[in-house]
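Structure, as structure tokens:
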Amino acid sequence: MCREGGVGTRVLVTYEEELAIYGEVLAKGIGTARPHLEMAVAESAALEEKMNRFAPHLLICNSHISADAASVAYAWVELSPGPLRPSRIRVLERYWEKVDLTFDELLAVVDEVEGRVAPGNDR
């Protein structure tokens with residue numbers, strides 16, 4: 001699933017160690033829905049190293065996004081820990097929160113990021 005070093009839109013999914021299976025399932029779902037994307041999965045403990053090596057356009061995680069990670073990624077989604085708390089989303093300077101973010105809504109964010117980083121589009 002991880003193809004590092006390519007030129008396509010790169011999506012990194014990261015989860016805490018005890019929830020790693022959720023990260024794998026989420027990455028697999030996104031990769032199945034959007035097979036042309038470059039996908040990678042990393043445990044949160046290895047996030048910095050993976051960010052440096054993979055240089056994702058979009059970071060999706062289940063924990064608080066550090067300022068360092070937020071500044072490196074073009075866009076990020078911080079998934080909420082429960083259905084009543086909002087997920088936080090940033091694409092460029094646009095920021096919003098969404099309670100009960102659906103998979104289709106997450107794919108819409110993926111599609112927006114992909115459209116913005118496509119060759120010929122300005123970041």
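Where a number appears in this text, it was derived from the coordinates with a stated rule and is not lab data. Being a predicted model, the structure only gives us computed values, none of them experimental. Glycine also receives a Cβ, built like all others from the backbone with ideal geometry; neighbour counts cover every protein chain displayed.
Decide, for region 19-96, between rounded, prolate and oblate: order the square roots of the alpha carbon gyration tensor eigenvalues as a ≥ b ≥ c, take rounded if a/c falls under 1.5, and otherwise choose prolate if a/b is larger than b/c, else oblate.
rounded
Which order results if Asp111, Asp104 are arranged by neighbouring Cβ count within 10 Å, fewest first?
Asp104, Asp111
Which of Arg10, Arg94, Arg116, Arg85 comes first, and how do the rest follow, when ranked by fewest Cβ neighbours within 10 Å?
By the 10 Å Cβ count, ascending: Arg94, Arg85, Arg116, Arg10.
Treat the count of other C-beta atoms within 10 Å as a stand-in for reagent exposure and order Tyr15, Tyr22, Tyr95, Tyr74 from fewest to most.
Fewest to most other Cβ atoms nearby, the residues stand as Tyr95, Tyr22, Tyr74, Tyr15.
Of the beta bridges DSSP finds with both residues in region 19-96, what % are antiparallel, to the nearest 5?
65 percent
Can you give the FRET efficiency to the nearest 0.05 for Lys98 and Glu48, using r as the Cβ-Cβ distance and R₀ = 25 Å? Don't skip to the end; give the middle numbers.
Working: r = 27 Å, r/R0 = 1.07.
Efficiency, from the Cβ-Cβ distance: 0.40.
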